[in-house]
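Below is a structure I'd like to ask you about.
The values are calculated or read from the model by the stated rules, or taken from the named source; none is laboratory data. If you're wondering where the values come from, they're calculated on a predicted model, not measured in any experiment. Quick reminder, even Gly has a Cβ in these numbers, built from the backbone with ideal geometry, and neighbours come from all protein chains shown.
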Amino acid sequence: MKVLVMYVEEFSYQPAQKNLEEVEEITAGAQFSDSILAFIQVEESDEEKDVKSREKKLVNHLKWTARKNNCKSVILHSFAHLSESKASVEFTKELFDLAEKRLQNADFTTAQTPFGYFLDLNIKAPGFSLARIWATL
């Protein structure tokens, strides 16, 4: 799994193009502030491991990043452009849902960008050391 995490002062998206036919139709965007925005690519090799172990590893990384940036809001964004390897849609979505639930149980405010869509993004991210962290998990 590859993860690019940014602390964002402001983030918003608007659905631009649906790229998975099986997902529900979404037309509304959303707006966030003071959040961790996680660009996540789940890889094929992640499916060889238990989804719960992958979820725990991801959540621990996101919680650490949030603590370093003193915030309690996390946005999960599926971003299949960090690696050539891709996990199945079903495994990726399950991992995202489990990670979101675990974060909520730890008193984080969470959101997921619409799964299966290309989005128009607006990002305002400050330029300091821990505002952007890339990791292989």
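What pairs come out if I take residues in segment 46-75 that are closer than 18 Å to Phe32 by Cβ and pair them with residues that are of a type in the set (Lys, Arg) whose C-beta lies under 7 Å away, six or more apart or interchain?
Matching pairs, first to second residue: Ala66/Lys72.
Hey, among the residues in segment 103-137 that are within 14 Å of the chain's Cα centre (by Cα), part of a loop (DSSP other than H, G, I, E, B) and under 18 Å from Leu37 (Cβ atoms), which one's modelled with the lowest pLDDT?
Phe115
Name, by its number, the condition in (1) surrounded by 14 or more Cβ atoms within 10 Å (Cβ to Cβ); (2) among the polar types (S, T, N, Q); (3) touching a residue at least 60 places away in the same chain (Cβ under 8 Å) that does not hold for Asn122.
For Asn122, the failing item is (1).
Quick check on my filter: what residues within segment 3-35 are β-branched (Val, Ile, Thr) and touching an Asp or Glu at 6+ places or on another chain (Cβ under 9 Å)?
Hit for segment 3-35 is Val8, nothing else.
I would also like to ask the following. Of the numbered conditions (1) more than 20 Å from Phe11 (Cα to Cα); (2) touching a residue at least 12 places away in the same chain (Cβ under 8 Å); (3) not aliphatic (A, V, I, L, M), Ser35 satisfies every one except a single condition; which is it?
It is condition (1) that Ser35 fails.
Kindly indicate whether Val3 is in contact with a Ser or Thr (Cβ under 6 Å, 6 or more places away or on another chain) and under 17 Å from Glu100 (Cβ atoms).
Working: in contact with a Ser or Thr (Cβ under 6 Å, 6 or more places away or on another chain): no; under 17 Å from Glu100 (Cβ atoms): yes.
When the stated conditions are applied, Val3 does not pass them.
Still on this structure: Looking at Leu58, Leu37, which one is outside any helix (DSSP H, G or I), crowded, with 17+ Cβ neighbours inside 10 Å and at pLDDT 95 or above?
Only one candidate passes the filter, namely Leu37.
Of the residues in segment 73-107, how many are in contact with a helix residue (DSSP H, G or I) (Cβ under 7 Å, 6 or more places away or on another chain) and closer than 21 Å to Ala135 by Cα?
Matching residues across segment 73-107 total 14.
Here is a yes/no grid of residues against (1) surrounded by 16 or more Cβ atoms within 10 Å (Cβ to Cβ); (2) more than 30 Å from Gly127 (Cβ to Cβ); (3) out of contact with any Lys or Arg (no Cβ under 9 Å at 6 or more places or on another chain):
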site: Tyr7; (1), (2), (3): yes, no, no
site: Leu20; (1), (2), (3): no, yes, yes
site: Gly29; (1), (2), (3): yes, no, yes
site: Gln41; (1), (2), (3): yes, no, no
site: Glu48; (1), (2), (3): no, yes, yes
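Here's another thing I want to ask about it. Report the residue count in segment 81-102 for those that are surrounded by fewer than 18 Cβ atoms within 10 Å (Cβ to Cβ) and either small (Gly, Ala, Ser) or assigned to a helix (DSSP H, G or I) (or both).
10
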